[in-house]
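Note sheet for the following structure.
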Amino acid sequence: MNRALSSIGLLLGTVGVSGFFAGEASAEFLKDSKATLTLRNVYHNQDSRTTDTPRIEQWGQGFLLDFKSGYTEGVVGLGLDVLGTYAVRLDDGGRVGKTDADRAPSTSGMFPLESNGKSRHDFGRIGVTGKMRFSKTELHVGTLQPRLPVVTYNDARILPQTYEGYQVTSREIQDLTFIAGKIEHSTERNSSNSDSLSIQGSSNRKTGQFSNQFLYGGFNYNINKSLALSYYFGKLQDFYEQHFVGLIHNWALPIGSLKTDLRYYNSNSTGANSSRSGRAEGYRAQGWWSSSDRDRYEVDNRIWSALFTYSLAGHSIKAGYQKVTGHSDFPSLAPDAGTGRSLYLITNSNVQAAKFASAGERTWVAGYAYDFASIGIPGLLFGTTYYSGSGIDDTVHGRRGNSEEWVRDINLSYKVQDGPLKGLGLDWKNGSWRGNDSGTVDRDESRVMLSYNISLL
């Protein structure tokens, strides 16, 4: 209890950053500062349907304090952001490896594991970001949470993933946003420690390889009010380089509207992964190759997708298709084995391991959503999506193009819009995953999150 109280006090104490600058910085620094405390209560249940293993069932309370300062006055403005996070375990499932257990923690759970196989009672971290502004260009150095096609942080559990590095964002030209940066480390959603970067196929701490340099850059350009173009590039040293092109068009029809979302990725090897000797050292991608293939474990992937969403009076119906070509699975920054990742794909499902991005995979997407604001209940949203993937090239089972998988997602959320409970939100996410690919473990997952945002500044 004392550890919990002291950690919460440390989080609340970071609000005092604004007081530290009060005598030195300009009024603009304080005037534009914001601090929000988010209380996040999360229940997570993951139940395997095909393996005789304990289910993961965890419950915890999280505290997220997000302080964002304004900028000092002058030609060059300076500022400081602080993100403090802390989580307390309320219920868990004993320890890993316990015989005849109905439930047990896991490396993919909400909390880090102790050496004895039990989940830690609590954990947290504090991220600090220094920032500078000149004209309409900003530089952030320190803790980052990018949401870009080539790198997206994961916020699917009790605490969010963060990265460490720097990023420049420029809006000097009207309707054009340019972003570039470098990431050196990642702190996963169930860890207090920062770590190096890798990809699936190499992210096992004992057998894989890691890098401390991910370079990225690109732009978003609003061609007009209904059409937007984006391009991004990412390169993880000694693993892969990746190009992304996206086009979004919103078309106002006589009845309803139609949104078209087109995406294309081209990923290839670089550095150690480009050579047989480098791959022999552990710089490997995941995918399908014959045992005698000279290019075995080399990054070689293309993905194109199209998603169409028709909306009318609160209703929306979506349909899409995604195709993967090349020998490797889609490469992306991956944490140590088992802790999850988020991808900018139309197939980023509720089930963390099911991304429909395996070599050779073809996926159909269909979904329906409803915004209850249309009938006088603002803040209440419902959505369900079905993903069906086939043609997966499966190395372990020796099947090329014969494996398949499917996922059914359900999302239900409500956020209080006004009154004394404004900012209180409830989210339920549910997913079922089935298939015969070697990477598929038939499972059902549910997450319930109760959150409350308190504005402190």
Might you work out the accessible area of Ile377 for me, using a 1.4 Å probe with all protein chains in place, and round it to the nearest 10 Å²? 70
Say R0 is 51 Å: what FRET efficiency, to the nearest 0.05, do Ser275 and Trp251 get from their beta-carbon distance? 0.60
Starting from the Cα of Arg294, move 7 Å in the Cα-to-Cβ direction to define the label point; list residues of region 241-280 whose amide nitrogen is under 11 Å from there. 276
As a test of the formula, what do you get for the chain when each DSSP H run with n ≥ 4 contributes -39,500 (n - 2.57) and the sum is divided by the residue count, at 222 nm and rounded to the nearest 500 deg cm²/dmol? -1500 deg cm²/dmol
Considering only protein heavy atoms, what is the solvent-accessible area of Phe219 at a probe of 1.4 Å, reported in Å² to the nearest 10? 60
The answer for Ser403, listing residues at least 5 apart or on another chain whose modeled amide H is closer than 5 Å to its amide H, is Gly391, Ile392, Asp394
Tell me, what is the 1.4 Å probe accessible area of Glu114, in Å² to the nearest 10? 90
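Sorted by accessible area with a 1.4 angstrom probe, largest first, how do Asp300, Asp295, Asp261 fall? Before the final figure, lay out each step's value.
Numbers: Asp300 40, Asp295 80, Asp261 10 Å².
I get Asp295, Asp300, Asp261, largest accessible area first.
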Checking the cross-link filter: which aspartates and glutamates have an alpha carbon closer than 20 Å to that of Lys429, excluding same-chain neighbours under 8 positions apart? Asp47, Glu57, Asp91, Asp92, Asp155, Asp371, Glu405, Asp409, Asp442, Asp444, Glu445
Radius of gyration and Dmax for region 317-367's Cα atoms, expressed in Å? 11.6, 36
Under a 1.4 angstrom probe, counting protein chains only, how are Glu445, Glu57 ranked by accessible area, largest first? Glu57, Glu445
Cα-Cα P(r), region 192-296, percent of pairs per 5 Å interval: 2, 11, 16, 16, 13, 11, 10, 8, 6, 4, 2, 1, 0
Rolling a 1.4 angstrom probe over the protein heavy atoms, how many square angstrom per residue are accessible across the chain? 47
Karplus-derived 3J(HN,Hα) from phi for region 372-383 (6.51 cos²θ - 1.76 cosθ + 1.60, θ = phi - 60°), whole Hz, x at Gly and Pro, runs 6, 4, 5, 10, x, 10, x, x, 9, 10, 9, x
Report in % the part of the accessible area of the chain that belongs to carbon and sulfur, leaving out ligands and nucleic acids; probe 1.4 Å. 54
Classify the chain as rounded, prolate or oblate, taking a ≥ b ≥ c as the square roots of the eigenvalues of its Cα gyration tensor: rounded when a/c is under 1.5, otherwise prolate if a/b is larger than b/c and oblate if not. rounded
Sorted from largest to smallest, which semi-axis lengths in Å does the alpha carbon gyration tensor of region 53-194 give for its equivalent ellipsoid, taking the root of 5 times each eigenvalue? 38, 15, 11
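Arrange the residues Tyr221, Tyr231 by how much accessible surface each exposes, largest first, with a 1.4 angstrom probe.
These residues rank, largest area first, as Tyr221, Tyr231.
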With a 29 Å threshold on alpha-carbon distance, the violating pairs from Lys136/Lys422; Lys131/Lys415; Lys34/Lys259; Lys131/Lys235 are Lys136/Lys422; Lys131/Lys415; Lys34/Lys259
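The values are calculated or read from the model by the stated rules, or taken from the named source; none is laboratory data. Every value quoted in this text rests on a predicted model; they were computed, and no experiment measured them. With ideal geometry, Cβ positions are generated from the backbone for all residues, glycine too; neighbour counts draw on all protein chains shown. Keep in mind that these areas ignore ligands, DNA and RNA; they rest on the heavy atoms of the full protein, side chains included. Shrake-Rupley method; radii C 1.70, N 1.55, O 1.52, S 1.80 Å.
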